[in-house]
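One structure is given below, encoded as structure tokens.
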Amino acid sequence: MLLGMGHSRFWRAAAAGLALSALLAPSMMSGREEPSVEELKERVANVPIGDRPGLCIHISERQLGDADKLYIAGDSAKGQTALGDVVAYSELARDYAIQAHKHEKQSEIAIRKMVRKLNDMNHSVAHEDQAQIQSTIDRLQKVRDDLLVAMFPKVDKKK
């Protein structure tokens, strides 16, 4: 019986490894790294509307990572520019998700995670940079609220 269980685990592990290889192979074969943020921004208008929320969220997440690095490096001017993109592309993701009725939940979850990261950043940046980060948090919270309202509209219970 133990032999059968070990054999089954082997095949599950082998299948998982094969699946991971299949996912990584196209990017490894192309020899290219992930596209730049600018390339991703250019793609937004060219993909179907149902795919735009995910792409916009990806851009927002990348820009948030860049903003974090810029603030750590002391370049708050470029960090603010990156935060502007975080808000702009999160708002676009919201708009496209609501319009297409797709990826609303995934967008809300991703934005919630970005808000958490921004809260962490807010505690580690210089005092003069905290207002910009708090403004970004507030705007992302509004985006989340809009997505939640779209997913869970209030129902009038009057009879």
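The values are calculated or read from the model by the stated rules, or taken from the named source; none is laboratory data. Since we're looking at a predicted model, the values are computed, not measured. Neighbour counts are summed over all protein chains in view; Cβ atoms, including those assigned to glycine, are modelled from backbone coordinates with ideal geometry.
Observations, loosely collected:
- Test: residue in region 86-98 that is modelled with pLDDT of 95 or more, among the hydroxyl-bearing types (Ser, Thr, Tyr) and in contact with a Pro (Cβ under 9 Å, 6 or more places away or on another chain): yes
- Members of region 110-137 that are exposed (fewer than 13 other Cβ atoms within 10 Å of the Cβ) and not basic (Lys, Arg): ASN119, ASP120, HIS123, SER124, ALA126, HIS127, GLU128, ALA131
- Criterion: touching a Pro at 6+ places or on another chain (Cβ under 8 Å) and hydroxyl-bearing (Ser, Thr, Tyr) - qualifying residue of SER107, SER135, SER124: SER107
- Enumeration of residues in region 99-112 that are under 11 Å from ARG144 (Cβ atoms), in contact (Cβ under 8 Å) with a residue 12 or more places away in the chain and not polar (S, T, N, Q): GLU104, GLU108, ALA110, ILE111, ARG112
Table: residues versus (1) surrounded by fewer than 14 Cβ atoms within 10 Å (Cβ to Cβ); (2) farther than 30 Å from HIS101 by Cα; (3) modelled with pLDDT under 95; (4) in contact with a helix residue (DSSP H, G or I) (Cβ under 6 Å, 6 or more places away or on another chain).
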| site | (1), (2), (3), (4) |
| --- | --- |
| GLU33 | yes, yes, yes, no |
| ASP51 | no, no, no, no |
| ILE72 | yes, yes, yes, no |
| GLY79 | no, yes, no, yes |
| GLY84 | no, no, no, no |
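- For region 125-153, the tally of residues that are free of Cβ contacts under 8 Å to residues at least 12 places away in the same chain and among the hydroxyl-bearing types (Ser, Thr, Tyr) stands at 1.
So that you can scan it fast, the table gives a plain yes or no per residue for (1) over 19 Å from ARG139 (Cβ atoms); (2) touching a residue at least 24 places away in the same chain (Cβ under 8 Å):
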site	(1), (2)
GLY54	yes, yes
ILE57	no, yes
GLU61	no, yes
LEU64	no, yes
LEU70	no, no
ASP75	yes, no
GLY84	no, no
VAL87	no, yes
GLU91	no, yes
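- Filtered residues of region 96-109 (kept if surrounded by fewer than 18 Cβ atoms within 10 Å (Cβ to Cβ), of a type outside the set (Val, Ile, Thr) and not in a loop (DSSP other than H, G, I, E, B)): GLN99, ALA100, LYS105, GLN106
Rundown of residues vs (1) of a type outside the set (Ser, Thr, Tyr); (2) modelled with pLDDT of 95 or more; (3) within 12 Å of GLY79 (Cβ to Cβ); (4) in contact with a Ser or Thr (Cβ under 9 Å, 6 or more places away or on another chain), yes/no style:
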{"residue": "LYS117", "(1), (2), (3), (4)": "yes, yes, no, no"}
{"residue": "ALA126", "(1), (2), (3), (4)": "yes, no, yes, yes"}
{"residue": "GLN134", "(1), (2), (3), (4)": "yes, yes, no, no"}
{"residue": "ARG139", "(1), (2), (3), (4)": "yes, yes, no, yes"}
{"residue": "LYS142", "(1), (2), (3), (4)": "yes, yes, no, no"}
{"residue": "LEU147", "(1), (2), (3), (4)": "yes, yes, no, yes"}
{"residue": "VAL155", "(1), (2), (3), (4)": "yes, no, no, no"}
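- Hits in region 55-74 - residues which are part of a helix (DSSP H, G or I), of a type outside the set (Val, Ile, Thr) and farther than 14 Å from MET114 by Cβ: LEU55, LYS69, LEU70, TYR71
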